[in-house]
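Let me begin by presenting the structure, written as structure tokens, before commenting on it.
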């Protein structure tokens with residue numbers, strides 16, 4: 001299983017390199033960059049396609065994706081209205097939109113939009129399985145660190161200066177000790193986020209054709 005075009009390569013290497021990006025504290029910078037680069041590719045293809053463009057290379061945006069984009073637009077409107085209600089100026093509104101909304105909530109619509117590119121789902125299934133195997137290896141290590149009383153936490157100050165927003169997004173913390181035990185973070189900013197990703201990954205990994213990869217994931 002190998003990526004066959006630029007879009008597939010970007011998605012493939014981002015997913016299998018998720019843990020590396022996390023340990024570098026670069027996820028909050030890399031994910032939006034990847035997303036909006038692929039959006040640029042999509043808009044460019046969509047704008048330049050003609051009736052002579054081969055069917056397999058045409059960009060089609062289904063109704064469901066338009067609905068997602070419409071709903072997320074309401075989130076942006078609510079953000080602006082709340083800022084105005086609290087008397088914030090244009091500079092703060094622009095900062096919240098660019099450094100906050102476009103890099104977080106907007107991605108819930110951006111990634112389905114990226115799915116309209118010529119990216120085979122099989123590439124995503126396999127890449128997720130590889131990432132799950134990496135996490136499967138990492139989980140026992142986190143338990144050893146936890147029982148040894150080691151709390152591996154560090155932050156990337158340089159990337160924080162580049163990317164802005166909360167320092168938590170640039171902090172590397174594989175787990176957190178809680179009163180009821182240990183909560184895994186792995187590559188997520190907090191445990192509930194890892195739970196959300198795990199639910200998505202579970203259903204995508206069930207579509208993997210190779211039984212061994214599917215079982216491991």
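The values are calculated or read from the model by the stated rules, or taken from the named source; none is laboratory data. Remember, it's a predicted structure, so these values are computed and weren't measured experimentally. In this analysis, Cβ positions are derived from the backbone assuming ideal geometry, glycine residues included, and neighbour counts consider all displayed protein chains.
For residue 119, indicate whether it is modelled with pLDDT under 95 and under 15 Å from residue 184 (Cα atoms).
For residue 119, the condition - modelled with pLDDT under 95 and under 15 Å from residue 184 (Cα atoms) - is not met.
Per-residue answers, yes or no, for (1) surrounded by 17 or more Cβ atoms within 10 Å (Cβ to Cβ); (2) in a loop (DSSP other than H, G, I, E, B):
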site	(1), (2)
144	no, no
188	yes, yes
199	no, no
207	no, yes
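If residue 25 satisfies every condition in (1) within 14 Å of the chain's Cα centre (by Cα); (2) exposed (fewer than 15 other Cβ atoms within 10 Å of the Cβ); (3) not in a helix (DSSP H, G or I) but one, which is the exception?
Here residue 25 clears every test but (2).
Looking at residue 10 and the list (1) out of contact with any helix residue (DSSP H, G or I) (no Cβ under 9 Å at 6 or more places or on another chain); (2) in a helix (DSSP H, G or I), which single condition is not satisfied?
(1)
Just checking, does region 170-191 include any residue being closer than 15 Å to residue 22 by Cβ, modelled with pLDDT under 80, in the same structural domain as residue 28 (by TED's automatic domain parsing) and out of contact with any strand residue (DSSP E or B) (no Cβ under 9 Å at 6 or more places or on another chain)?
For region 170-191, residues closer than 15 Å to residue 22 by Cβ, modelled with pLDDT under 80, in the same structural domain as residue 28 (by TED's automatic domain parsing) and out of contact with any strand residue (DSSP E or B) (no Cβ under 9 Å at 6 or more places or on another chain): absent.
State which residue is farthest from residue 187 (Cα to Cα) when the search covers only region 42-64 and only residues that are surrounded by 17 or more Cβ atoms within 10 Å (Cβ to Cβ) and at pLDDT 90 or above.
Top of the filtered list is 45.
Would you list the helices (runs of 4 or more DSSP H) that sit entirely within region 52-130 and hold 2 or more residues that are in contact (Cβ under 8 Å) with a residue 12 or more places away in the chain and farther than 23 Å from residue 37 by Cβ?
The qualifying helices (runs of 4 or more DSSP H) are 63-85.
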